[in-house]
1. Report, largest value first, the span of the C-alpha coordinates of region 3-168 along each principal axis, in whole Å.
2. Just L84, L145, L27 to compare: in a GNM of the chain, with alpha carbon springs under 10 Å, which one fluctuates most?
3. Report in % the part of the accessible area of region 3-168 that belongs to carbon and sulfur, leaving out ligands and nucleic acids; probe 1.4 Å.
4. Just by accessible area at a 1.4 angstrom probe, what is the order of R126, R28 from largest to smallest?
5. From the residues L100, G72, C144, which one has its Cα farthest along the dipole of the chain in the positive direction, the dipole being from +1 and -1 charges on Cβ of Lys/Arg and Asp/Glu about the Cα centre?
6. Place +1 on the Cβ of every Lys and Arg and -1 on the Cβ of every Asp and Glu in the chain, take the dipole about the Cα centre, and give the residue among G61, A172, A184 whose Cα lies farthest towards its positive end.
7. For the chain, what relative contact order do you get, as a whole percent, if you take Cα pairs closer than 8 Å and at least 6 residues apart?
8. What angle, in degrees between 0 and 90 and rounded to the nearest 10, separates the Cα long axis of helix 74-84 from the longest principal axis of the Cα atoms of the chain?
Amino acid sequence: MTDDDVLAEFRDAGALLEGHFILSSGLRSPIFLQKMFIFQDPVRTERLCKALAEKIEAAFGTVDYVVSPAVGGIVPGYETARHLKAKAIFVEREDGQFRLRRGFAIPKGARVVMVEDIVTTGLSSRECLASIAGEPGIMLGAACLVDRSAGRVDLGVPLVSLIRLDIPAYPADALPPELAAIPAVKPGSRGLAA
Ligand SMILES: O=P(O)(O)OC[C@H]1O[C@H](OP(=O)(O)OP(=O)(O)O)[C@H](O)[C@@H]1O
Ligand SMILES: O=C(O)c1cc(=O)[nH]c(=O)[nH]1
Ligand SMILES: [Mg+2]
C-alpha cells in the first residue's frame, strides 16, 4: 500500500477530522484521525492491517503474540494478528495504568509485537510496552497504522508504521490563535472514569 492509498482509506472513511482536539498526551491538534471510522468497516480495516502485517513480518519475522493498548489498539491488534497467524491480546487501564487482565499472559519464548493504532508522542505505546516488560516473551518491536510524529518518537524498540505523517501538535499554553478560537474536544479514552 502506498502512502496515498493509506490516506485515501482515512479520507474515504471520513476519519480525517479538522477542528481543535485534545490528544491523549494532552497536546492540542487541528487534525484528528478518528480511527474508529476505519475500524467500523471490517473490509477497510482488513486492507490496512493486512498491509501492516506484511511490514511487520518483513521487519521482525514470525510473530506469536500481538499485544495492543485498549481501546484503540484492540481492533487493529486483532486484525493484524489474524494476518500474522498470531494470538491477539490487549492491556487495559486499571487505576490509570495499563495491565494485562482477564487471564491474558505471554508464554515463555513467545515472539511478541506491540500493535497500536496511532502514535503521536509514543506515550501510550511506551506505557503498553512497560506494562508487559515483566512477561517472559521476546519483545521484537512495535507497529502502528499511523505515526503522526513522522518517525521522531523513540519507543526504545523498533517501530514499524504503515504511514508516517508530520501533524502539528501544541502544548495547551502555546496554541496558535486560529486553534485557540475553536472549542476543544477530547475524543480518546485516557482519563475517562472507569
Ligand atoms: O502516542 P500518544 O501520544 O500516546 O497518542 C496516541 C494514543 O492516543 C490514542 O489513545 P487514547 O488514549 O486517546 O485512547 P483510545 O485508545 O481509547 O482512543 C491512540 O489510540 C493511541 O493509543
Ligand atoms: O494523539 C492522540 O491521542 C490521537 C491522535 C489521533 O489522530 N487519533 C487518535 O485516535 N488519537
Ligand atoms: Mg489508544
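The values are calculated or read from the model by the stated rules, or taken from the named source; none is laboratory data. Just so it is clear, the model here is predicted, and its values are computed rather than measured. When we count neighbours, we look across all protein chains shown, and the Cβ atoms used for this are built from the backbone with ideal geometry, even at glycine. Areas reflect the complete protein model, heavy atoms only, side chains present, ligands, DNA and RNA absent. Shrake-Rupley method; radii C 1.70, N 1.55, O 1.52, S 1.80 Å.
1. Here the spans come out as 44, 32, 28 Å, largest first.
2. Most flexible of the set in this elastic network: L27.
3. Roughly 51 percent of what the probe reaches on region 3-168 is carbon or sulfur.
4. R126, R28
5. L100
6. Going by the Cα projections, it comes out as G61.
7. After rounding, I find 24 percent.
8. 40
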